[in-house]
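J.: Below is the structure I would like to discuss, written out as structure tokens.
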Amino acid sequence: PTFLLTHMGQSTGKSLTWVLTAQVGQYFGMLSFGRVADRFGRRIAFAGYSLLTAAALAPLAFAWQRLALTPPLFWSAMLLLGIGSGCTAGFGALLAELFPTELRGLAMGATYNLARTAQLGAPVLVAWAVERAGLAGGLGVPLVLALLTASWVWTLPETRGIRLPTLV
């Protein structure tokens, strides 16, 4: 909120409206993600939703001033950003199916804790990017991560309709 107020002249109330718009989009993204993943496969769903996230972040990062002058485009970008981030609803299922049944709990706990540890660096990275390139730099970090997610998901095996692995 301080960044939005000092660098962009946006009030806390307006910032809250942005967040709520994205959260409504994320709610619908999470509700739809499972259906899309079941119908087309998890990798396609993750790639599609991640590309939608990147497509929404790009104009917010690089055409902020133009979007600010066209409220319907701005609010559409915020809503689409939320819908795209709905893919977070499927990470648990995607990752859990990669591990043998007997090790799944341990492997998922380790995966989540390692991911949380890695996330400690995210605010530092974003702050560094904002210092170097302003809003475009700050939003460029999640944009790149969304593109990487759309790519790396293709390195995982497809688990749709297969028998889950076991050690026995």
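The values are calculated or read from the model by the stated rules, or taken from the named source; none is laboratory data. In this text, all values refer to a predicted model and were calculated from it rather than measured experimentally. Positions of Cβ are backbone-derived with ideal geometry, glycine not excepted, and every protein chain shown enters the neighbour counts. For the accessible areas, the whole protein counts, side chains as well, though only heavy atoms, and no ligand, DNA or RNA atoms are used. Shrake-Rupley method; radii C 1.70, N 1.55, O 1.52, S 1.80 Å.
J.: Carbon and sulfur together cover what percent of the accessible area of segment 1-107 at a 1.4 Å probe radius?
T.: Heavy-atom surface of segment 1-107 belonging to carbon and sulfur, 1.4 Å probe: 71 percent.
J.: Taking the Cα atoms of the chain, what is the range of coordinates along each of the three principal axes, in descending order and whole Å?
T.: For the chain, the Cα extents along the three principal axes come out at 61, 32, 25 Å.
J.: Note the per residue figure in Å³ for the convex hull of the C-alpha positions in segment 69-147.
T.: 97
J.: So, one more: What order do you get for 58-66, 137-145 when each peptide is scored by the mean count of other beta carbon atoms within 10 Å, highest first?
T.: 137-145, 58-66
J.: Heavy-atom accessible area per residue, segment 53-130, 1.4 Å probe: how many Å²?
T.: 56
J.: Kyte-Doolittle cut-off 0.5, length cut-off 18 Å along the helix's own axis using Cα: show which whole DSSP H helices in the chain pass.
T.: Sorted by number, the helices that extend far enough and score high enough are 42-62, 71-84, 122-152.
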